[in-house]
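Novice: Before anything else, here's the structure in question.
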């Protein structure tokens, strides 16, 4: 059978918008797709500023960078990045409380039973146990201000954690732009002023720029941020408003001078009408206040933010307005929304870049075949939208949990979120944990067992029971296992480099990014 020449035509992919979302799309797709089968064009305007003012991430970002072949030390130097082992939450349970959501496990399973069940059983029986966080290597390293790369030896206690990054989001976008354009992605400078859709099909045919230039394509990716020029303005795809569950709708962001408190973790501190973040970078500290305009005003929020800084402010606070929620569909017709155009969830758990990364990966796997042009197989869009909904809905539940489980009394925002109706999916998860210490363990999407455990226990939600299979281990053996585990963690963490020393060594151009030598492991 003779091949149709049209089948060999490259599928024209047009990305509208730059920033982190646009350039992660361009970089990821250029690496994962055959360049002879797909042409990638990105349109961005220097007149339109990016939303990002600083960024904390999840460990998945390392997978993305490694997939691109990016050299880690160079990336950290270029983006003024630091390492991240978790997130410290201050005052979320009750004022004065503190816990860490680590990028690692709590303990280890014994007899095929998850650690929390052994710990709960031992505590209930009067065995002298340390607080739960003492059995997490990542938490211990955070508390010590230490960092080392995880061990590749699965038997080592130092293999029980992962790490992410803090970096300047604008510098990361610039870094990816250089990477992508050097590998064939075409960048067009310009501002989109018109979107042309086919009369009968309703599909996007082209976008027109302020200069008058017309850019045609087969598949359009909307990375235009909150403006949502394609998915929202042109295609009128609906929006699910999650404000009743996540009432924060404003953020003020400001950098300040870096202090000696160079933590290998992000900090989130509960405030009267929301929470403040602290992100340590090499050259400065990123700060912000996420708050609800229903419970405070911008003037008061500014006072709270500036009072929370641990160094002199380097600029005036920048105000961002947002609405929490997501699109009904992220893929409609021949348009795929990625990043803020597809949805927004406050940065409480650093999920923004992960959601972009997940969308890029899913899109690459479901990308239409070359030669199809605008004739998109609806099954591809349906599957993309199914995965998109899973990602956002699961993150939504996890964020709501932080608010629901608070023990702050007499503050309007916190009293509201503690008593508000919550999604049935979250009611079920919390009920199962309270009854039997059960935690979700998703194979797709966020968050895993130890993440739920850290927030639930960290904010004072203590189960009434535990898995009875834990009773297969004698209390004497459980006590001995707990003691040995804590000793292994303490000994290894004590030998780690400080986070600041590790960064100075690893990111020093003269040091070739070698970093300190690996430690001997106390097993």
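Novice: If residue 340 meets every condition in (1) in a helix (DSSP H, G or I); (2) touching a strand residue (DSSP E or B) at 6+ places or on another chain (Cβ under 9 Å) apart from one, which number is that one?
Specialist: (2)
Novice: Oh, and also: Only one residue in 85, 29 is closer than 27 Å to residue 366 by Cβ and buried (at least 20 other Cβ atoms within 10 Å of the Cβ), so which one is that?
Specialist: After ruling out the rest, the residue left standing is 29.
Novice: From the set of residues in the range 105-142 that are touching a strand residue (DSSP E or B) at 6+ places or on another chain (Cβ under 8 Å) and surrounded by fewer than 24 Cβ atoms within 10 Å (Cβ to Cβ), which is nearest to residue 410 (Cα to Cα)?
Specialist: Per the stated criteria, the residue is 133.
Novice: If a residue counts only when it is in contact (Cβ under 8 Å) with a residue 40 or more places away in the chain and closer than 23 Å to residue 140 by Cβ, which helices (runs of 4 or more DSSP H) contained entirely in the range 420-498 have at least 1 such residues?
Specialist: 449-458, 475-494
Novice: Is the range 170-181 home to any residue that is surrounded by fewer than 18 Cβ atoms within 10 Å (Cβ to Cβ), touching a strand residue (DSSP E or B) at 6+ places or on another chain (Cβ under 6 Å) and either assigned by TED's automatic domain parsing to the domain that holds residue 44 or at pLDDT 95 or above (or both)?
Specialist: Yes, because at least one residue in the range 170-181 is surrounded by fewer than 18 Cβ atoms within 10 Å (Cβ to Cβ), touching a strand residue (DSSP E or B) at 6+ places or on another chain (Cβ under 6 Å) and either assigned by TED's automatic domain parsing to the domain that holds residue 44 or at pLDDT 95 or above (or both).
Novice: Just to be sure before I move on: is residue 350 under 30 Å from residue 33 (Cβ atoms), in contact with a strand residue (DSSP E or B) (Cβ under 7 Å, 6 or more places away or on another chain) and either surrounded by 18 or more Cβ atoms within 10 Å (Cβ to Cβ) or touching a residue at least 12 places away in the same chain (Cβ under 8 Å) (or both) in the structure I sent?
Specialist: Against the criterion (under 30 Å from residue 33 (Cβ atoms), in contact with a strand residue (DSSP E or B) (Cβ under 7 Å, 6 or more places away or on another chain) and either surrounded by 18 or more Cβ atoms within 10 Å (Cβ to Cβ) or touching a residue at least 12 places away in the same chain (Cβ under 8 Å) (or both)), residue 350 qualifies.
Novice: Still on this structure, please answer the following. Please work out if residue 245 is in a strand (DSSP E or B) and either surrounded by fewer than 22 Cβ atoms within 10 Å (Cβ to Cβ) or touching a residue at least 12 places away in the same chain (Cβ under 8 Å) (or both).
Specialist: no
Novice: Any residue in the range 365-376 that is surrounded by fewer than 24 Cβ atoms within 10 Å (Cβ to Cβ), out of contact with any strand residue (DSSP E or B) (no Cβ under 9 Å at 6 or more places or on another chain), without any contact (Cβ under 8 Å) to a residue 12 or more places away in the chain and not in a loop (DSSP other than H, G, I, E, B)?
Specialist: yes
The values are calculated or read from the model by the stated rules, or taken from the named source; none is laboratory data. Because the structure is a prediction, the values reported are computed rather than measured. Note that we place each Cβ from the backbone using ideal geometry, even for glycine, and neighbour counts take in every protein chain shown.
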